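So the structure is just underneath, and the comments pick up after that.
The values are calculated or read from the model by the stated rules, or taken from the named source; none is laboratory data. None of the values given here were measured: they were computed from a predicted structure. Ideal geometry is used to build each Cβ from the backbone, glycine not excepted, and the neighbour counts take in all protein chains shown.
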Amino acid sequence: MPRFLCALLAAASALSACGGGAGGTSGSGATVRLQLEAAPSGVHSGAYLAISRGYDDATGIELRILTPPPRADGVRALLEGEAEVAVMALNDFGRAVASGDEVVAVMALVQRPLEALLAAPGVQRPRALSGGVVGAAGPAGAALARAVVKDDGGAAPRARIVEDPLRALNRNRVRGAMGRWDTLGSPRPGGRPVREFRVADHGAPGYPGLVLVTTRSTLDERRADVSGIVEALQRGYEEAVIDPESAVGAIADGEPGSNRAALAEQLDRVAPVLLAGQRDFGRFNPEALRGWAAYALRIGILERPVDVAEAFDTTLVRRADR
């Protein structure tokens, strides 16, 4: 069993024992479509395992996972009715809320940031990228890249918005790239090793890197179904920590052609931040959310403040002792 998962086994076993019985939610029996934010990887293991073990059926829904197009846009998928729920990076969700989109986050899939500034192995620290060109997929990534370099005492790099920042880095078109450390498994994307500077080590607070999002109208009109997917995912991730081999197998079975070794390494990397001190998988920490909102506004991810109490529904994740 991978090293990080061993450390979480006891805690997850206790959590599952308290809350791992038959689902208490009674959904409508309808299909609930879940739009991923990126290609399936270890961080999505709980969703695939929930389907494999029928946790969605137990809550009265049928969960269907939608893999994203090359440029995933969870908000568009939700607002245009292509999906009922979507996995989104917290910073992208925050920008959508600040721009007036009627979306709400209902669950945390991880409890810590997944973003990292990536560079060639010879780059010893972020400030070495001062004034250089750094690739980012969007404005949030660009703001984070500048913040990481400035936190290390460097001058803000020039951010270039590119479709695939890591590919641009591998082709020496940029000196650094904003990406995610959880998917830097073996083999490395593009076949080249990279040095990672995680935003959590360079000034970012401990915010949930990925959140489950729906529209306000869907939450109002199909609350039981949304509650059902939250409960199914909670059980799926609890069991993924306990039984990582089955979780990896569930992704591989659901996505033929997947690299099982890479998935296992990705799950091993992300396992420590699935709970990260929380007793209940998926629960929001209001203090962490307020810290994120202030940080995101300060470094320029957000152009206007976000009302945390309004943007996050903290009532759907069940407690382990319930």
### Task
Within region 93-110, identify whether any single residue is in a loop (DSSP other than H, G, I, E, B) and within 15 Å of the chain's Cα centre (by Cα), and answer yes or no.
yes
### Query
Given the structure, is Arg216 surrounded by fewer than 17 Cβ atoms within 10 Å (Cβ to Cβ) and in contact (Cβ under 8 Å) with a residue 24 or more places away in the chain?
yes
### Summary
From the option list Val123, Val134, single residue qualifying as over 23 Å from Val270 (Cβ atoms), outside the structural domain of Gly291 (by TED's automatic domain parsing), assigned to a loop (DSSP other than H, G, I, E, B) and out of contact with any Asp or Glu (no Cβ under 8 Å at 6 or more places or on another chain) is Val123
### Qualifying position, being surrounded by fewer than 24 Cβ atoms within 10 Å (Cβ to Cβ) and not assigned by TED's automatic domain parsing to the domain that holds Gly176, among Ala108, Ala47, Ala98
Ala98
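Quick grid of which residues meet (1) more than 28 Å from Arg319 (Cβ to Cβ); (2) outside the structural domain of Thr214 (by TED's automatic domain parsing); (3) assigned to a loop (DSSP other than H, G, I, E, B):
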| site | (1), (2), (3) |
| --- | --- |
| Ser28 | no, no, yes |
| Arg33 | no, no, no |
| Pro40 | yes, no, yes |
| Arg71 | yes, no, yes |
| Arg76 | yes, no, no |
| Gly81 | yes, no, yes |
### Task
Mind counting the residues in region 243-264 that are in a helix (DSSP H, G or I) and surrounded by fewer than 21 Cβ atoms within 10 Å (Cβ to Cβ)?
9
## Note on the structure
The condition of being in a helix (DSSP H, G or I), within 15 Å of the chain's Cα centre (by Cα) and surrounded by fewer than 23 Cβ atoms within 10 Å (Cβ to Cβ) holds, among Arg269, Arg283, Arg290, only for Arg269
### Task
Go over the candidates Leu90, Leu79 one by one and state the one that is touching a residue at least 40 places away in the same chain (Cβ under 8 Å), farther than 20 Å from Ile251 by Cβ and surrounded by fewer than 23 Cβ atoms within 10 Å (Cβ to Cβ).
Leu79
### Query
Taking into account only those residues within region 295-309 that are touching a residue at least 24 places away in the same chain (Cβ under 8 Å) and in a helix (DSSP H, G or I), which is farthest from Thr214 (Cα to Cα)?
Ile299
## Note on the structure
Filtering region 111-136 for residues that are surrounded by 23 or more Cβ atoms within 10 Å (Cβ to Cβ), more than 10 Å from the chain's Cα centre (by Cα) and in contact (Cβ under 8 Å) with a residue 60 or more places away in the chain leaves a count of 5
### Task
Answer yes or no: is there a residue in region 145-155 that is surrounded by 17 or more Cβ atoms within 10 Å (Cβ to Cβ), at pLDDT below 95, in a loop (DSSP other than H, G, I, E, B) and not polar (S, T, N, Q).
no
